[in-house]
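Any read-out appearing in this document is the output of simple, stated calculations on the displayed coordinates, not a laboratory observation. What you see is a predicted model, and the numbers here were worked out from it, not measured in a lab. Virtual Cβ from ideal backbone geometry, glycine too; neighbours counted across all protein chains shown.
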Amino acid sequence: MEKRAARKQIAQRVAALSAEERKRRSAAAVRRVTELPEFQQAHCVLLFVPMDDELDVTGLIEAALRMGKRVCVPVCAKGDRRLIPARLDGLEALAPGAYGILEPKTV
C-alpha cells in the first residue's frame, strides 16, 4: 500500500473511534512504548505533538521528560514544508506554529 493511502486509512480508522476508545488506546500505546528497552535506554527521543484527531502521545512526552531524556519534536521550517527537529523542555513550552500545529515557542 502506498504511504499516502496507508496514512489516510489509519487517519480514518482513528477518526472513527469514540473519544473514550481513543483515550484508552492512546494510554495503552504509551504504556507499551515506555516498556520497550530501546525507549528506556534512549537518551534522546523524537516524538510528535498530537493534533486532535491523532493518537494522544502527550503521556509519552511527559514520561520521557520525567525520565530525563532529551525530547525533540518536528517543527515546520519557515518558508517551506521541511520538518526540522526542535528540543522540547515541557508541554507548557508549546504554542501554535505553522498550520496551527503546536511546537516549541523558542523556535
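Below, the figures for the structure above:
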| item | result |
| --- | --- |
| Loop trypsin sites (Lys or Arg not before Pro), the stretch 1-83 (other Cβ atoms within 10 Å of the site Cβ: 15 or fewer; DSSP) | Lys78, Arg81, Arg82 |
| Stretch gain in nm, segment Arg7-Leu91, where the contour uses 0.36 nm per residue and the Cα spacing is subtracted | 27.7 nm |
| For Glu103, distant residues with modelled amide H under 5 Å away | Ala95, Gly97 |
| Reachable aspartates and glutamates, given that their alpha-carbon falls under 13 Å from the alpha-carbon of Lys78 and they are not under 8 places away in the same chain | Glu103 |
| Sequence-distant residues sharing a close amide H with Leu88 (under 5 Å, placed H) | Val71, Cys72, Val73 |
| Integer Hz, Karplus 6.51/-1.76/1.60 couplings in order for the stretch 42-58, x for Gly and Pro | 5, 8, 9, 10, 9, 10, 10, 8, x, 9, 3, 9, 10, 4, 8, 9, 4 |
| Theoretical gain in end-to-end length, Ala42 to Arg66 [0.36 nm per residue, Cα-Cα removed] | 7.3 nm |
| Qualifying aspartates and glutamates (Cα of each under 13 Å from Cα of Lys69; at least 8 residues distant if same chain) | Glu38, Asp89 |
| Whole-number D in µm²/s for the stretch 3-104 (Stokes-Einstein; Kirkwood sum over Cα pairs; 4 °C, 1.567 mPa s) | 88 µm²/s |
| Label point distance in nm, Ser18-Asp53, each placed 7 Å from Cα along Cα→Cβ | 2.1 nm |
